[in-house]
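Read the structure below first, then the notes.
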Amino acid sequence: MGEPYDDFTLPAALYYDSISHYEQASIHQENGDQVAAERYSRSALLAAFGFFEAQLNQIAFAYAAAHRDRLGQIETDVLEEKETALDDQGRIVRKDKFYRTESRFSFLVLFLSGQDFNRGGETWQRFCESRELRDIWTHPKPPFYTWSLTPEKVRTAIVSVREMFISLSAMMRCEPPLWLRPIDEVLDGVKRDSPQ
């Protein structure tokens, strides 16, 4: 097996996938094809949260790798989603440990910026509502027919996951990634670049 391969473009690809699939959902909804609109809406929602988690992990793992010599074990564990513990034979082992998305993001914000994320603000509330919507579609339970996923709800989710990283960049007093453009700017660029 070769060297590990890391695709640093994955968060951006997932973000743009979510916007592309949202656009397709909107087109199909306008054309009255509800089945296709829901299919693209599901795909867009899952891609948006795939972007969120990939970007969160990329930041956390990079920080852990760059500052390993200055971090305590608990900080390294949280950043890398691990838990250092004793096994039954008394050996120290590191096991996978998954944290709630909101908790890990809040830890990362506090850790990197020295400030608490405003959990009472509109950005946080929209993110939590969108994450709940994602959870419904990631872990579906009957009765399935009662759900209504619309392109409008998906758009809110895409905007909210982007806003979380824009807010983190502002708190750290640094520029967000250049590729993390607003949804309307991306869609306008696609329309401008497509053949007439």
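Each reported figure results from applying straightforward, stated rules to the coordinates on display, with no laboratory input. Note that this is a predicted model, so its numbers are computed, not measured. Please note: Cβ atoms are built from the backbone with ideal geometry, for glycine as well, and neighbour counts cover all protein chains shown.
Annotations
Conditions tested, residue by residue: (1) crowded, with 20+ Cβ neighbours inside 10 Å; (2) in contact with a helix residue (DSSP H, G or I) (Cβ under 8 Å, 6 or more places away or on another chain); (3) of a type outside the set (S, T, N, Q); (4) outside any helix (DSSP H, G or I).
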site	(1), (2), (3), (4)
S130	yes, yes, no, no
D135	no, no, yes, no
V154	yes, yes, yes, no
R162	yes, yes, yes, no
F165	yes, yes, yes, no
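- Listed by first and then second residue, the pairs with beta-carbon distance under 8 Å, at least 6 apart or on different chains, first residue in region 106-123 and in contact (Cβ under 8 Å) with a residue 40 or more places away in the chain and over 17 Å from T76 (Cβ atoms), second of a type in the set (A, V, I, L, M) and surrounded by fewer than 16 Cβ atoms within 10 Å (Cβ to Cβ), are S113/M172; F117/L110.
- Flag for S148 being touching a Pro at 6+ places or on another chain (Cβ under 7 Å) and either of a type in the set (S, T, Y) or assigned to a helix (DSSP H, G or I) (or both): no
- Condition met for E38 (of a type in the set (D, E, K, R) and within 24 Å of S130 (Cβ to Cβ)): yes
- Cross-chain or 6+ apart pairs with Cβ under 7 Å, region 69-98 first and in contact (Cβ under 8 Å) with a residue 12 or more places away in the chain, then of a type in the set (S, T, Y) and surrounded by 12 or more Cβ atoms within 10 Å (Cβ to Cβ): D77/T84; V78/Y99; L79/Y63; E81/Y99; R94/T84
- The helices (runs of 4 or more DSSP H) found wholly in region 1-111 and carrying at least 2 residues that are closer than 26 Å to S148 by Cβ occupy 10-30, 34-66.
- Considering G72, G90, G50, G32, the condition of being among the small types (G, A, S) and surrounded by 17 or more Cβ atoms within 10 Å (Cβ to Cβ) is satisfied by G50 alone.
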